[in-house]
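Participant: For reference, the structure I am asking about is given below.
The values are calculated or read from the model by the stated rules, or taken from the named source; none is laboratory data. In this text the structure is predicted, and so the values were computed from the model without any measurement. Every residue, glycine among them, receives a Cβ derived from its backbone with ideal geometry; neighbour counts consider all protein chains shown. Accessible surface areas use protein heavy atoms only, side chains included; no ligands, DNA or RNA. Shrake-Rupley method; radii C 1.70, N 1.55, O 1.52, S 1.80 Å.
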Amino acid sequence: MTKIDPTAFGKVAVVCGGTSSEREVSLNSGKAVLDALLSKGVDAHHFDPKETDISKLRDYDRVFNVLHGTFGEDGSLQGVLDGFNIPYTGCGVLASAVAMDKFRNRLLWQSLGLPNVPYVVLNDDSDFEQVEKELGFPLFVKPAAEGSSVGVMMIERVGDLAKAYPELKQYHGEILAEKAITGGEYACSLLGDDVLPSIRIIPKGKFYDYEAKYLRDDTVYQCPSDLTDEQEREMGELARRAFSGIGGRGWARVDFLKSDDGKLYLLEINTVPGMTDHSLVPMAAKQAGIDFATLCVTILEQTLS
């Protein structure tokens with residue numbers, strides 16, 4: 001990697017926090033990124049849109065976006081920054097909006113022939129018991145436009161889907177019921193043109209929920225994972241195609257499920273991945289020999305092109 005004079009970045013806003021359900025995670029990501037950039041001599045500053053008017057971003061030369069969830073990850077902030085003509089990390093408006101909406105993202109992937117986790121879109125008129133029969137037990141139900149496993153529930157008994165559905169209507173977007181794919185959960189991170197080593201995620205609880213992601217210390221992360229070399233290449237290629245398909249740029253984390261017979265299924269794509277001490281992109285980068293501060297600068301370098 002070429003060494004860039006940190007003054008080339010100018011004044012950098014690390015945008016984090018906000019008002020979404022992922023505020024606390026975003027603040028943690030923001031602190032980690034800010035400290036890393038400062039350690040590399042970058043003129044970086046904390047910027048929380050909940051506390052500071054968004055128009056004040058005009059005072060900065062570029063943005064490192066770690067504003068997870070609504071407004072930061074759905075294309076809204078990206079549109080504002082495009083209007084201000086301020087370069088920023090990660091995907092543009094369209095790719096961000098598509099990735100945040102898991103339902104429409106899957107429609108796009110389906111059109112490209114990419115493997116999706118089987119799912120059903122729920123509404124007030126759904127035959128919930130029929131959906132349970134179709135997908136089998138256990139199954140998962142989730143809001144389509146939230147991240148960090150917010151609102152995700154495991155359904156294990158007949159009748160429980162109908163009970164869970166009203167609780168999920170408070171969240172953004174459609175509500176999806178998904179078939180459980182039980183051969184393992186994986187993350188594949190993309191950094192520019194590079195595919196980082198995959199990670200297998202093994203939660204101690206029933207599934208990889210918000211608590212397992214951010215609060216517990218007993219979740220096991222295998223990196224390098226247990227994939228064969230062939231499966232690793234296949235996952236990397238699928239991740240590239242999935243990211244390219246939405247018009248992605250910069251960096252991302254693509255999540256997969258593996259069936260018991262070894263087939264890989266795309267689960268979702270994260271265009272503003274977590275950067276906390278529990279996060280997967282830094283873990284994969286470390287396995288590839290990239291320390292956290294270098295990772296942050298490398299992501300920021302993409303705003304110079």
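Participant: Only one of these conditions is not met by ARG58: (1) open to solvent by 10 Å² or more (accessible area, probe 1.4 Å); (2) closer than 21 Å to HIS172 by Cα; (3) in contact (Cβ under 8 Å) with a residue 24 or more places away in the chain. Which number is it?
Facilitator: The one condition ARG58 does not meet is (2).
Participant: Report the residue count in the range 61-86 for those that are surrounded by fewer than 18 Cβ atoms within 10 Å (Cβ to Cβ) and either touching a residue at least 12 places away in the same chain (Cβ under 8 Å) or in contact with a Gly (Cβ under 6 Å, 6 or more places away or on another chain) (or both).
Facilitator: So the count comes out to 4.
Participant: Looking at the range 41-54, which of its residues are touching a residue at least 24 places away in the same chain (Cβ under 8 Å), surrounded by fewer than 17 Cβ atoms within 10 Å (Cβ to Cβ) and in a loop (DSSP other than H, G, I, E, B)?
Facilitator: Hits for the range 41-54 are GLY41, LYS50, GLU51.
Participant: Out of everything in the range 172-225 that is open to solvent by 60 Å² or more (accessible area, probe 1.4 Å) and closer than 20 Å to GLU73 by Cα, what residue ends up being modelled with the highest pLDDT?
Facilitator: HIS172
Participant: GLY248 is checked against (1) outside any helix (DSSP H, G or I); (2) surrounded by fewer than 23 Cβ atoms within 10 Å (Cβ to Cβ) and fails just one. What number does that condition carry?
Facilitator: Single failed check for GLY248: (2).
Participant: Test GLY113 against the stated conditions and say whether it is out of contact with any Leu (no Cβ under 8 Å at 6 or more places or on another chain), at pLDDT 95 or above and either under 28 Å from GLY236 (Cα atoms) or not in a helix (DSSP H, G or I) (or both).
Facilitator: yes
Participant: What's the number of the condition VAL121 fails, among (1) among the hydrophobic types (A, V, I, L, M, F, W, C); (2) surrounded by fewer than 16 Cβ atoms within 10 Å (Cβ to Cβ); (3) part of a loop (DSSP other than H, G, I, E, B)?
Facilitator: The number of the failed condition is (3).
Participant: Pull up the range 163-207, narrow it to residues that are basic (Lys, Arg) and touching a residue at least 40 places away in the same chain (Cβ under 8 Å), then point me to the one that is nearest to GLY245 (Cα to Cα).
Facilitator: In this case the residue turns out to be LYS179.
Yes or no, residue by residue, for (1) of a type in the set (Gly, Ala, Ser); (2) within 15 Å of THR70 (Cβ to Cβ):
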| position | (1), (2) |
| --- | --- |
| PHE140 | no, no |
| ALA145 | yes, yes |
| LYS169 | no, no |
| HIS172 | no, yes |
| LEU176 | no, no |
| LYS179 | no, no |
| GLY184 | yes, no |
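Participant: Then there's this: State yes or no: is LEU108 within 22 Å of the chain's Cα centre (by Cα), closer than 16 Å to TYR265 by Cα and not acidic (Asp, Glu)?
Facilitator: yes
Participant: Give the residues of the range 133-150 that are in contact (Cβ under 8 Å) with a residue 40 or more places away in the chain and either closer than 30 Å to GLY248 by Cα or not hydrophobic (A, V, I, L, M, F, W, C) (or both), sorted by residue number.
Facilitator: Once the filter is applied, which keeps residues that are in contact (Cβ under 8 Å) with a residue 40 or more places away in the chain and either closer than 30 Å to GLY248 by Cα or not hydrophobic (A, V, I, L, M, F, W, C) (or both), the range 133-150 yields GLY136, PRO138, LEU139, PHE140, LYS142, ALA144, ALA145, GLU146, GLY147, SER148, SER149, VAL150.
Participant: Would you check which residues across the range 73-102 are over 15 Å from the mean Cα position of the chain (by Cα) and not in a loop (DSSP other than H, G, I, E, B) and list them?
Facilitator: SER76, LEU77, GLN78, GLY79, VAL80, LEU81, ASP82, GLY83, PHE84, TYR88, VAL93, LEU94
Participant: Would you mind stating whether THR70 is among the β-branched types (Val, Ile, Thr), under 16 Å from the mean Cα position of the chain (by Cα) and within 21 Å of ALA242 (Cα to Cα)?
Facilitator: no
Participant: Also, quick follow-up: Hey, could you check the range 16-40 for residues that are within 18 Å of THR298 (Cβ to Cβ) and among the aliphatic types (A, V, I, L, M) and say which is surrounded by the fewest Cβ atoms within 10 Å (Cβ to Cβ)?
Facilitator: LEU38
Participant: If VAL272 satisfies all but one of (1) closer than 30 Å to LEU38 by Cα; (2) at pLDDT below 95; (3) outside any helix (DSSP H, G or I), what's the number of the condition it fails?
Facilitator: (2)
Participant: Being of a type outside the set (Gly, Ala, Ser) and under 18 Å from LEU191 (Cα atoms) is the filter here; which residues of the range 69-99 pass it?
Facilitator: Listed by number, the residues that qualify are GLU73, PRO87, TYR88, THR89, CYS91.
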